[in-house]
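In what follows, a single structure is set out as structure tokens and then discussed.
The values are calculated or read from the model by the stated rules, or taken from the named source; none is laboratory data. Please read these numbers as outputs of a predicted model, since none were measured by experiment. Cβ: placed from backbone, ideal geometry, glycine included. Neighbour counts: every protein chain shown.
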């Protein structure tokens, strides 16, 4: 808050507005006036105020509407209501609705000044406390927000994320579901100049189109059935912070146009309104789809893609960063132990083998859930294979020749065992396995097809 507290006064009588503006400017307030409730709502939408002073009884838009709008925009804003027709019931109702104070007209100037100064002090303390909490949170999470991993591909992506974090550039994070896209987005936020601001996230595929539009852009009272009051959208609420749009490829085409406007014009138009509201937010988007393919299909706008794809980060799947598996296992087990206040559990050698061999199609998220499953089922401190989900333990690696019962194995048996071992070591990636083996990928595919047709199941 500035040295001069910013004050919005809302009243339908111009004489009262003029009188209060002159008085309160002399007392060190930076005053903005709005004649009538509608003008008051517009002022709240487009501006930021430390304190709001509003009449209660106004046509169409009441002081209670002003109160709700101000608190929707910023819950820390103290709102003072004033009326010439005071009653105990209305005063209690105003306070219950969240009013800082309720004052009856006519009032003494000194009385009003005292209330406003208490409100300014109240606001200042709350802002300082919030900033202090954010700084503590930032310091506490400074290390813990850094995504876990040491594999080269992952570290290359993380280095780029940390390089772009201090900028205002829009970031598009690609990767399979569960690879940790939101974790990387939060890491970027906490390393940016917006770290003290909010971090909002929404899954664009989790809500129906009409609800998603209202959540993102807000709406005005009466714009649709059930819109009983104005609602601030998340883009406006996230001012000064970062907005993470997960699964942006799922966004309906009609909303893609509106998102493009946010990126181009830095403003939103709430549902049912014709007035644009400026927004101050950094956008990070994520998708598990190939958006360029979606463009070719006509389901995603190319102009939106180029606006989002300023900085592209492509997170590798867990099967391509097996060097990180043990590190992630230890991290998750330690975190679960910290939450429960107990000693961390550990994987037996057999359980660890199962974890290392499994392909993890659900990536890091699946690994965390599997370990939580195992921790819950393990009575002691050692996690055995039977404590892991069955889908993980039933997939066994191809044994090496030494594990076979063959006394003198034929060359084709040795070849098959070696091919399967390399394929397993490369996380099932047939192209890279072919490179390691020194054969053409088509040759590898033919051999694997032959194995599937002729081989008996391995017990």
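So which residues in segment 303-332 are within 19 Å of residue 169 (Cβ to Cβ), touching a helix residue (DSSP H, G or I) at 6+ places or on another chain (Cβ under 8 Å) and not in a loop (DSSP other than H, G, I, E, B), if there are any at all? Give the steps one after another, and end with the answer.
Going residue by residue through segment 303-332, those that are within 19 Å of residue 169 (Cβ to Cβ) are 303-315.
Remaining after also requiring touching a helix residue (DSSP H, G or I) at 6+ places or on another chain (Cβ under 8 Å): 303-305, 307-309, 311, 313-315.
303, 304, 305, 307, 308, 311, 313, 314 - these are the residues of segment 303-332 that are within 19 Å of residue 169 (Cβ to Cβ), touching a helix residue (DSSP H, G or I) at 6+ places or on another chain (Cβ under 8 Å) and not in a loop (DSSP other than H, G, I, E, B).
Could you list all residues from segment 398-429 that are closer than 22 Å to residue 330 by Cβ and modelled with pLDDT under 70?
Our first condition is that a residue be closer than 22 Å to residue 330 by Cβ; within segment 398-429, this holds for 425, 427.
If the condition is that a residue be closer than 22 Å to residue 330 by Cβ and modelled with pLDDT under 70, then 427 is the only one that fits.
Regarding residue 342, is this residue at pLDDT below 95, more than 23 Å from residue 160 (Cβ to Cβ), in a loop (DSSP other than H, G, I, E, B) and touching a helix residue (DSSP H, G or I) at 6+ places or on another chain (Cβ under 8 Å)?
Numbers: at pLDDT below 95: yes; more than 23 Å from residue 160 (Cβ to Cβ): yes; in a loop (DSSP other than H, G, I, E, B): yes; touching a helix residue (DSSP H, G or I) at 6+ places or on another chain (Cβ under 8 Å): no.
No, not satisfied.
When you look at residue 79, is it touching a strand residue (DSSP E or B) at 6+ places or on another chain (Cβ under 6 Å), modelled with pLDDT under 90 and buried (at least 18 other Cβ atoms within 10 Å of the Cβ), yes or no? Before the answer, list the steps.
Working: touching a strand residue (DSSP E or B) at 6+ places or on another chain (Cβ under 6 Å): yes; modelled with pLDDT under 90: no; buried (at least 18 other Cβ atoms within 10 Å of the Cβ): yes.
The answer is no for residue 79.
Go through segment 109-161 and count every residue that is surrounded by fewer than 14 Cβ atoms within 10 Å (Cβ to Cβ), closer than 26 Å to residue 173 by Cβ and at pLDDT 85 or above.
Adding up the residues that qualify gives 4.
Restricting to segment 245-283, count the residues that are outside any helix (DSSP H, G or I) and either out of contact with any strand residue (DSSP E or B) (no Cβ under 9 Å at 6 or more places or on another chain) or within 16 Å of residue 214 (Cβ to Cβ) (or both). Even if it seems obvious, please write down each step before you answer.
Narrowing segment 245-283 to residues outside any helix (DSSP H, G or I): 245-247, 251-252, 266-283.
Narrowing further to those that are either out of contact with any strand residue (DSSP E or B) (no Cβ under 9 Å at 6 or more places or on another chain) or within 16 Å of residue 214 (Cβ to Cβ) (or both): 245, 251-252, 268-275, 277, 279.
Summing the residues that are outside any helix (DSSP H, G or I) and either out of contact with any strand residue (DSSP E or B) (no Cβ under 9 Å at 6 or more places or on another chain) or within 16 Å of residue 214 (Cβ to Cβ) (or both) in segment 245-283 gives 13.
Quick one: would you say residue 371 is assigned to a helix (DSSP H, G or I), in contact with a helix residue (DSSP H, G or I) (Cβ under 9 Å, 6 or more places away or on another chain), within 23 Å of residue 183 (Cα to Cα) and not assigned by TED's automatic domain parsing to the domain that holds residue 288?
Values: assigned to a helix (DSSP H, G or I): yes; in contact with a helix residue (DSSP H, G or I) (Cβ under 9 Å, 6 or more places away or on another chain): yes; within 23 Å of residue 183 (Cα to Cα): yes; not assigned by TED's automatic domain parsing to the domain that holds residue 288: yes.
So residue 371 fits the description; yes.
Is it the case, given these coordinates, that residue 173 is out of contact with any strand residue (DSSP E or B) (no Cβ under 6 Å at 6 or more places or on another chain), closer than 27 Å to residue 303 by Cβ and at pLDDT 90 or above?
Working: out of contact with any strand residue (DSSP E or B) (no Cβ under 6 Å at 6 or more places or on another chain): no; closer than 27 Å to residue 303 by Cβ: yes; at pLDDT 90 or above: yes.
It is false that residue 173 is out of contact with any strand residue (DSSP E or B) (no Cβ under 6 Å at 6 or more places or on another chain), closer than 27 Å to residue 303 by Cβ and at pLDDT 90 or above.
Among the listed residues 269, 257, 283, identify the single one that is in the same structural domain as residue 172 (by TED's automatic domain parsing), within 17 Å of residue 203 (Cα to Cα) and out of contact with any helix residue (DSSP H, G or I) (no Cβ under 6 Å at 6 or more places or on another chain). Spell out how you get there, then give the answer.
On the way: 269 fails: within 17 Å of residue 203 (Cα to Cα); 257 fails: within 17 Å of residue 203 (Cα to Cα).
Sole residue among the options that is in the same structural domain as residue 172 (by TED's automatic domain parsing), within 17 Å of residue 203 (Cα to Cα) and out of contact with any helix residue (DSSP H, G or I) (no Cβ under 6 Å at 6 or more places or on another chain): 283.
What is the one condition in (1) closer than 30 Å to residue 377 by Cβ; (2) over 25 Å from the mean Cα position of the chain (by Cα) that residue 298 does not satisfy?
(1) is the only condition that residue 298 fails.
With respect to the numbered conditions (1) in contact (Cβ under 8 Å) with a residue 40 or more places away in the chain; (2) crowded, with 19+ Cβ neighbours inside 10 Å, which one is the sole condition not fulfilled by residue 347?
(1)
A quick yes/no check of all residues on (1) at pLDDT below 95; (2) over 26 Å from residue 155 (Cα atoms); (3) exposed (fewer than 15 other Cβ atoms within 10 Å of the Cβ):
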position: 292; (1), (2), (3): yes, no, yes
position: 314; (1), (2), (3): no, no, yes
position: 327; (1), (2), (3): yes, no, yes
position: 337; (1), (2), (3): yes, yes, no
position: 353; (1), (2), (3): yes, no, no
position: 360; (1), (2), (3): yes, no, no
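Somewhere in segment 373-396, is a residue crowded, with 16+ Cβ neighbours inside 10 Å and under 23 Å from residue 157 (Cα atoms)?
Within segment 373-396, not a single residue is crowded, with 16+ Cβ neighbours inside 10 Å and under 23 Å from residue 157 (Cα atoms).
Tell me which of these residue 285 doesn't satisfy, since it passes every other one: (1) under 20 Å from the mean Cα position of the chain (by Cα); (2) more than 26 Å from residue 314 (Cα to Cα); (3) in contact (Cβ under 8 Å) with a residue 24 or more places away in the chain.
(2)
Considering only residues that are within 23 Å of residue 217 (Cβ to Cβ) and assigned to a loop (DSSP other than H, G, I, E, B), which ones fall in segment 61-75?
As a first pass, look at segment 61-75 and keep what is within 23 Å of residue 217 (Cβ to Cβ): 61, 65-75.
Passing the criteria: 61, 74, 75.
Suppose we filter 168, 213 for residues that are touching a residue at least 40 places away in the same chain (Cβ under 8 Å), part of a helix (DSSP H, G or I) and touching a strand residue (DSSP E or B) at 6+ places or on another chain (Cβ under 9 Å); which single one remains? It would help to see each step written out before you state the result.
Values: 168 fails: part of a helix (DSSP H, G or I).
Going through 168, 213 in turn, the sole match is 213.
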